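Let me begin by presenting the structure, written as structure tokens, before commenting on it.
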Amino acid sequence: MKTLLCLLTCGAFLMAACNNNKPAQDNAASAGQSAASGTTAESGKASDLNFEEKVHNFGDIAQGEKVEYSFKFTNTGSSPLVIEDAISSCGCTVPEWPKQPIKPGESGFMKVIFDSHGKSGYTEKEISIKTNRGGGYQVGPKIQCNIITK
């Protein structure tokens with residue numbers, strides 16, 4: 001009987017803890033946060049990451065060739081922007097980004113290196129970026145190319 005009571009009590013605590021996050025998410029939504037835009041109702045505290053060029057096409061490249069491109073971005077928000085992580089859907093594409101905060105109005109570069117070894121034909125790779133503005137990973141720039149086999 002004690003074991004059953006203990007299990008019921010633990011279950012109640014777990015359910016309460018799980019539901020504890022829901023109001024925080026609802027509060028964020030009601031405060032006007034938008035993960036897609038990176039802004040909040042208090043726009044004075046927003047930081048935003050805008051790329052000058054969203055897509056770079058390398059054109060035709062030889063299979064096995066490594067190519068790179070630096071995408072210029074600007075923090076158009078009003079608070080420092082920190083890029084916490086950047087990933088690609090494939091290990092053949094590696095993004096490099098500044099680790100220091102980017103002040104409002106300042107620009108930086110995200111270098112993307114693509115290794116075409118073992119690939120052929122048309123290829124498109126997108127970078128996903130996570131910043132201090134929240135909302136998880138956001139869609140970033142992408143590269144395209146046509147890999148010619150020898």
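The values are calculated or read from the model by the stated rules, or taken from the named source; none is laboratory data. Just so you know, these numbers come straight off a predicted model, no measurement behind them. Using ideal geometry, Cβ is built from the backbone for each residue, glycine included, and neighbour counts are taken over all protein chains shown.
Worth a mention:
- Residue identified as under 15 Å from Lys130 (Cβ atoms) and over 14 Å from the mean Cα position of the chain (by Cα) among Ile102, Ile87: Ile102
- Considering the range 101-127, the residues that are crowded, with 16+ Cβ neighbours inside 10 Å and of a type in the set (Gly, Ala, Ser) include one that is nearest to Ser79 (Cα to Cα), namely Gly108.
To keep it simple, each residue is scored yes or no on (1) under 12 Å from Val82 (Cα atoms); (2) of a type in the set (Phe, Trp, Tyr); (3) part of a strand (DSSP E or B); (4) modelled with pLDDT under 95.
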{"site": "Pro98", "(1), (2), (3), (4)": "yes, no, no, no"}
{"site": "Gly105", "(1), (2), (3), (4)": "no, no, no, no"}
{"site": "Met110", "(1), (2), (3), (4)": "no, no, yes, no"}
{"site": "Ile113", "(1), (2), (3), (4)": "no, no, yes, no"}
{"site": "Ser128", "(1), (2), (3), (4)": "no, no, yes, no"}
{"site": "Arg133", "(1), (2), (3), (4)": "yes, no, no, yes"}
{"site": "Lys142", "(1), (2), (3), (4)": "no, no, yes, no"}
{"site": "Lys150", "(1), (2), (3), (4)": "no, no, no, yes"}
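- Residue within the range 91-98 that is β-branched (Val, Ile, Thr) and surrounded by fewer than 17 Cβ atoms within 10 Å (Cβ to Cβ) present: no
- Enumeration of residues in the range 115-150 that are charged (D, E, K, R) and within 14 Å of Ser88 (Cβ to Cβ): Asp115, Lys119, Glu124, Lys125, Glu126, Lys130, Lys142
- All told, Thr123 falls short of being closer than 19 Å to Leu49 by Cβ and touching a residue at least 12 places away in the same chain (Cβ under 8 Å).
- Filter pass, Ile127 being β-branched (Val, Ile, Thr) and in contact with a Gly (Cβ under 7 Å, 6 or more places away or on another chain): yes
- Check on Val55, surrounded by fewer than 17 Cβ atoms within 10 Å (Cβ to Cβ), modelled with pLDDT of 95 or more and out of contact with any Leu (no Cβ under 9 Å at 6 or more places or on another chain): yes
- Scoring Gln138 on the criteria (1) assigned to a strand (DSSP E or B); (2) in contact with a Phe, Trp or Tyr (Cβ under 8 Å, 6 or more places away or on another chain) leaves a single failure, condition (2).
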